[in-house]
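Since the structure comes first, as structure tokens, the remarks are kept for the end.
The values are calculated or read from the model by the stated rules, or taken from the named source; none is laboratory data. In this text the structure is predicted, and so the values were computed from the model without any measurement. Here the Cβ is made from the backbone with ideal geometry for all residues, glycine too, and neighbour counts use every protein chain on show. Ligands, DNA and RNA are excluded from the accessible area calculation, which covers all protein heavy atoms including side chains. Shrake-Rupley method; radii C 1.70, N 1.55, O 1.52, S 1.80 Å.
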Amino acid sequence: QVQLVESGGGLVQAGGSLRRSCAASGRGLSGHTMGWVRQAPGKAGEFVAIIYWNGGGIRDYADSMKGRFTITKDNAKNTVYLQMNSLKPEDTAVYYCAARQGWLARSTNDYAYWGQGTQVTVSS
């Protein structure tokens, strides 16, 4: 089992930045993928960014986040971060941290472990 505890997020004006953190506990993360999914009101969950835990951390981003969002990890702290820059009102959503055992996967259905989710609101 992997437990995920999120922090960060909140309210920001368009063009601003926020940083999300997700700390994992319960088992080692070797061979796992961790990442972020978001869900806006009335919409399905949307892949944001993921990182493979081993080695340097291969990353994958949704096209709309490339160049604005950066996912990183701290192996010593078992924590993954999401730096969100140049935020837009359409980035408003509940952001969830997620983890799975195995390689990178974009489908939210492939993730077994989830954080509690935190609202991110971007005002225009």
Could you tell me which numbered condition residue 70 fails, if it satisfies all but one of (1) farther than 26 Å from residue 15 by Cα; (2) open to solvent by 50 Å² or more (accessible area, probe 1.4 Å)?
-> (1)
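Look at residue 9 and say whether it is on the phi > 0 side of the Ramachandran plot and at pLDDT below 95.
Yes, satisfied.
For the range 1-103, which fully contained strands (runs of 3 or more DSSP E) count at least 1 residues that are of a type in the set (Gly, Ala, Ser)? Lay out the reasoning, then the answer.
Values: elements: 3-8, 10-13, 18-25, 32-39, 46-52, 59-61, 69-74, 79-84, 93-101.
Output list reads 3-8, 10-13, 18-25, 32-39, 46-52, 93-101.
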Taking the range 101-124, which residues are in contact (Cβ under 8 Å) with a residue 40 or more places away in the chain, more than 15 Å from residue 57 (Cβ to Cβ) and not small (Gly, Ala, Ser)?
-> 101, 106, 108, 111, 113, 114, 116, 118, 119, 120, 121, 122
Mind listing whichever residues of the range 10-48 are of a type in the set (Gly, Ala, Ser), buried (at least 17 other Cβ atoms within 10 Å of the Cβ) and in contact with a Leu (Cβ under 6 Å, 6 or more places away or on another chain)?
-> 24
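Out of the residues in the range 76-92 meeting the condition of being under 13 Å from residue 9 (Cα atoms) and open to solvent by less than 20 Å² (accessible area, probe 1.4 Å), tell me which one is farthest from the chain's Cα centre (by Cα). Let's see the steps before the verdict.
Residues of the range 76-92 under 13 Å from residue 9 (Cα atoms): 81-85, 87, 91-92.
Then keep just the ones that are open to solvent by less than 20 Å² (accessible area, probe 1.4 Å); that gives 82, 84, 87, 91.
On the way: 82: 6, 84: 10, 87: 15, 91: 13 Å.
Checking each candidate, the answer is 87.
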Out of (1) within 24 Å of residue 11 (Cα to Cα); (2) touching a residue at least 40 places away in the same chain (Cβ under 8 Å); (3) of a type in the set (Phe, Trp, Tyr); (4) open to solvent by 20 Å² or more (accessible area, probe 1.4 Å), the odd one out for residue 95 is which?
-> (4)
Residue 105 fails exactly one of the following numbered conditions: (1) surrounded by fewer than 19 Cβ atoms within 10 Å (Cβ to Cβ); (2) farther than 18 Å from residue 72 by Cα. What is the number of that condition?
-> (2)
Among the residues of the range 57-66, is any open to solvent by less than 30 Å² (accessible area, probe 1.4 Å), more than 13 Å from residue 36 (Cβ to Cβ) and modelled with pLDDT under 95?
-> yes
